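The values are calculated or read from the model by the stated rules, or taken from the named source; none is laboratory data. None of the values given here were measured: they were computed from a predicted structure. With ideal geometry, Cβ positions are generated from the backbone for all residues, glycine too; neighbour counts draw on all protein chains shown.
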Amino acid sequence: MSDSRCGMPKKDQKRTPWTRLKPKEEAILDRAFEHVKSVPYNVSLRWLFYRLFQEGIYKTKDDYKFRFAPLLSRARHTFFKNWQPDTLADDTREVIDRANGYMGTDEAMSEFGPRLREAAFVSIDHFYRQENYIELWFEARAMVGQFEHYTKSINLVPMGGTASIPFKWNLAKRLETMAGRYGKPIVILYFGDEDLAGHTIQRTVETDVREWTDAAFELVWCGLTENQAREYDVPKNMEKKGYQWEALGDAAAEEIITKAMAKYIDIDLIDEVEAEAGEIADKCDEIIEKILEALR
């Protein structure tokens, strides 16, 4: 399947090999890779820059944006020597919560029952019974709550603006996993702003994911479109010369999302498998209650 609007590249079309690399640039990449291999964990692009900055290879911090980042981007996109899209860690900032647990043995035992029930939770994957496997990809992380509210049992992929190279590489490899798991057509339903930046973000992530995966997939731009903007009276953003998804009313957003999903999956089937899972959970609760009674 193909998406004529997005102009998908054929699978056998690869990017032009990097043939105009200067000797100094190659030396920088070689030295940078030595730093990558010098530690037993994945390092970020910024961490790597500061190693070279401290060695005097780069003279100003502005070199990070204008010289170093483009050089490393090209190296990873073209698989130059040992460089790959996942060579460096994602720069996304998030709390890594590792300090947690119970106050003591008594408290831990009092929580054993609920934790046991949680561990016994059963989920049935409805995609094994669907005609297609679908995912919802969308432009901004601010849209997460909206998509969580109006969908269920479907993987959501927020781009967070222009997606990072490691993020896109992981998407490509994950689609291969899904293709092997389900053995059925993969359809990506994409949602973003109807403007130049919105379509650039979509094309960039799609181009890289297609190049880095062996999994076939169709990408469908589901909104926002100019026709939808007119239908739902979305005001035009004159600065960006287009229409923003966030300007949609909530009811309009719900309608666009649910209509798009209904074309590719059976929504009622999701409810059916949830009911089956509930029946299994009830039986598990009976068994767990007997175990807890024996421990009292």
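Does LEU175 meet the test of being of a type in the set (A, V, I, L, M, F, W, C), surrounded by 22 or more Cβ atoms within 10 Å (Cβ to Cβ) and assigned to a strand (DSSP E or B)? So LEU175 does not fit the description; no. What pairs can you find where one residue is in the range 156-180 and aromatic (Phe, Trp, Tyr), the other is buried (at least 20 other Cβ atoms within 10 Å of the Cβ) and outside any helix (DSSP H, G or I), and their Cβ atoms are less than 9 Å apart, with a gap of 6+ or different chains? Here the result reads PHE167/MET159; TRP169/PRO85, each pair linking the range 156-180 to a residue that is buried (at least 20 other Cβ atoms within 10 Å of the Cβ) and outside any helix (DSSP H, G or I).
Just one residue in the set VAL234, VAL220 is without any contact (Cβ under 8 Å) to a residue 24 or more places away in the chain and touching a Phe, Trp or Tyr at 6+ places or on another chain (Cβ under 9 Å); that residue is VAL234. So is GLU218 at pLDDT below 95 and under 20 Å from PHE138 (Cβ atoms) or not? When the stated conditions are applied, GLU218 does not pass them.
Does ARG5 satisfy being modelled with pLDDT of 50 or more, of a type in the set (Lys, Arg) and assigned to a loop (DSSP other than H, G, I, E, B)? Judged against the criteria, ARG5 is not a match. Would you check if there is a residue in the range 250-269 being out of contact with any Lys or Arg (no Cβ under 9 Å at 6 or more places or on another chain) and farther than 30 Å from GLU194 by Cα? For the range 250-269, residues out of contact with any Lys or Arg (no Cβ under 9 Å at 6 or more places or on another chain) and farther than 30 Å from GLU194 by Cα: present.
Go through the residues of the range 199-215 one by one and say whether even a single one is closer than 18 Å to GLN146 by Cα and either assigned by TED's automatic domain parsing to the domain that holds THR151 or more than 24 Å from the chain's Cα centre (by Cα) (or both). No: the range 199-215 contains no residue that is closer than 18 Å to GLN146 by Cα and either assigned by TED's automatic domain parsing to the domain that holds THR151 or more than 24 Å from the chain's Cα centre (by Cα) (or both). For the range 127-165, give me the residue count where each residue is among the acidic types (Asp, Glu) and either crowded, with 16+ Cβ neighbours inside 10 Å or closer than 12 Å to TYR190 by Cα (or both). The total comes to 2.
Of all the residues in the range 191-247, those that are surrounded by fewer than 20 Cβ atoms within 10 Å (Cβ to Cβ), acidic (Asp, Glu) and part of a strand (DSSP E or B) number 1. Cβ-Cβ distances below 6 Å connect the following pairs, each with a first residue in the range 49-63 that is among the basic types (Lys, Arg), a second residue that is surrounded by fewer than 17 Cβ atoms within 10 Å (Cβ to Cβ), and a separation of six or more residues or different chains: ARG51/HIS35.
In the condition set (1) at negative phi; (2) outside any helix (DSSP H, G or I), GLY161 is compliant with all but (1). Within the range 30-52, how many residues turn out to be hydrophobic (A, V, I, L, M, F, W, C) and at pLDDT below 90? So the count comes out to 3.
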